[in-house]
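Report on the structure given below.
The values are calculated or read from the model by the stated rules, or taken from the named source; none is laboratory data. Not measured: the values here are computed from a predicted model. Don't worry about glycine lacking a Cβ; one is built from the backbone with ideal geometry, like all the others, and counts go over all protein chains shown. Areas reflect the complete protein model, heavy atoms only, side chains present, ligands, DNA and RNA absent. Shrake-Rupley method; radii C 1.70, N 1.55, O 1.52, S 1.80 Å.
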Amino acid sequence: MVLQINGVGHDLGDLDPRSTLLDVLRERIGLSGAKKGCDHGQCGACTVHIDGRRVVSCLTLARQAEGRAVTTIEGIASADGRLHPMQQAFLDHDALQCGYCTPGQIMSAIACVKEGHAYKVDDIREYMSGNLCRCGAYVGIVAAIEQVVAQGRAV
């Protein structure tokens, strides 16, 4: 089995069909950005994109991603090392504290903008509600999303 992660093919050979995408990313490929929070799809810490759509990788079987493009937090910066506009906005607005949820928050924020749900604060809050921040950085997270939208930055 081969998975395309951040534009790179990873041959995983025989893979237990019960393996989650999150476990494969962290334990087999060594990409630790997506975090194991609740392992029940309720906190959003493991959010990644498959074919541009956000998914919680703890509930996604790795085999479901075969033949599809998986993007993790490690794959969103530009080739020259510049941060993705959403990453920069999170820094600009202090939209993190401990940082544990930040990769999932950023991946969901990118999807929120791409999905067209980032033009009203209430919509942002609704579409980001699946991502929990135990430190309470929600004000900064919403401000970061608003900044990216206001700047018209491509996500």
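Answer yes if at least one residue in the range 3-10 is surrounded by 14 or more Cβ atoms within 10 Å (Cβ to Cβ), modelled with pLDDT of 95 or more, among the polar types (S, T, N, Q) and farther than 23 Å from Ser129 by Cα, and no otherwise. Step through it out loud before you land on a result.
Filtering the range 3-10 for residues surrounded by 14 or more Cβ atoms within 10 Å (Cβ to Cβ) gives 3-6, 10.
Next cut, modelled with pLDDT of 95 or more only: 3-6, 10.
So of that shortlist, the ones also among the polar types (S, T, N, Q) come out as 4, 6.
Filter again for farther than 23 Å from Ser129 by Cα, leaving 4, 6.
Taking every residue of the range 3-10 in turn, at least one turns out to be surrounded by 14 or more Cβ atoms within 10 Å (Cβ to Cβ), modelled with pLDDT of 95 or more, among the polar types (S, T, N, Q) and farther than 23 Å from Ser129 by Cα.
Run Glu74 past the list (1) assigned to a loop (DSSP other than H, G, I, E, B); (2) closer than 21 Å to Val148 by Cβ; (3) open to solvent by 40 Å² or more (accessible area, probe 1.4 Å); (4) in contact (Cβ under 8 Å) with a residue 60 or more places away in the chain and report the number of the one that doesn't hold.
The single condition Glu74 does not satisfy is (1).
Six or more apart or on different chains, Cβ under 6 Å: which pairs go from a residue in the range 48-66 that's closer than 14 Å to Cys112 by Cβ to one that's aliphatic (A, V, I, L, M) and at pLDDT below 95? Could you list them?
Correct list of pairs: empty, since none qualify.
Looking at the range 37-60, is at least one residue of a type outside the set (Phe, Trp, Tyr) and more than 27 Å from Glu126 (Cβ to Cβ)? Walk me through it before giving the result.
Looking only at the range 37-60, we keep the residues that are of a type outside the set (Phe, Trp, Tyr), and these are 37-60.
Subsequent filtering for residues that are more than 27 Å from Glu126 (Cβ to Cβ) retains none.
So far as the range 37-60 goes, no, none of its residues is of a type outside the set (Phe, Trp, Tyr) and more than 27 Å from Glu126 (Cβ to Cβ).
Only one residue in Leu15, Leu59 is of a type outside the set (Ser, Thr, Tyr) and under 30 Å from Gly136 (Cβ atoms). Which one? Can you show your working first?
On the way: Leu15 fails: under 30 Å from Gly136 (Cβ atoms).
Testing whether each residue is of a type outside the set (Ser, Thr, Tyr) and under 30 Å from Gly136 (Cβ atoms) leaves just Leu59.
Of all residues in the range 77-121, which are closer than 26 Å to Leu12 by Cβ, without any contact (Cβ under 8 Å) to a residue 12 or more places away in the chain and either in contact with a helix residue (DSSP H, G or I) (Cβ under 8 Å, 6 or more places away or on another chain) or not aliphatic (A, V, I, L, M) (or both)?
Correct list: Ala77 only.
Does Cys43 fit the bill of being out of contact with any His (no Cβ under 6 Å at 6 or more places or on another chain), surrounded by 24 or more Cβ atoms within 10 Å (Cβ to Cβ) and within 23 Å of Leu25 (Cα to Cα)?
Numbers: out of contact with any His (no Cβ under 6 Å at 6 or more places or on another chain): yes; surrounded by 24 or more Cβ atoms within 10 Å (Cβ to Cβ): no; within 23 Å of Leu25 (Cα to Cα): yes.
In short, no.
Could you pull out the residue among Cys38, Cys98, Cys58 that is in a loop (DSSP other than H, G, I, E, B) and open to solvent by less than 20 Å² (accessible area, probe 1.4 Å)? So that I can check it myself, show each step before the final result.
On the way: Cys38 fails: open to solvent by less than 20 Å² (accessible area, probe 1.4 Å); Cys98 fails: open to solvent by less than 20 Å² (accessible area, probe 1.4 Å).
Answer to the check: Cys58.
Taking the range 103-155 only, how many residues are of a type in the set (Ser, Thr, Tyr), within 27 Å of His40 (Cα to Cα) and surrounded by fewer than 18 Cβ atoms within 10 Å (Cβ to Cβ)? It would help to see each step written out before you state the result.
Just the residues of the range 103-155 that are of a type in the set (Ser, Thr, Tyr), to begin with: 108, 119, 127, 129, 138.
Filter once more, keeping what is within 27 Å of His40 (Cα to Cα): 108, 127, 129, 138.
Retained after the next criterion (residues that are surrounded by fewer than 18 Cβ atoms within 10 Å (Cβ to Cβ)): 129, 138.
Qualifying residue count, the range 103-155: 2.
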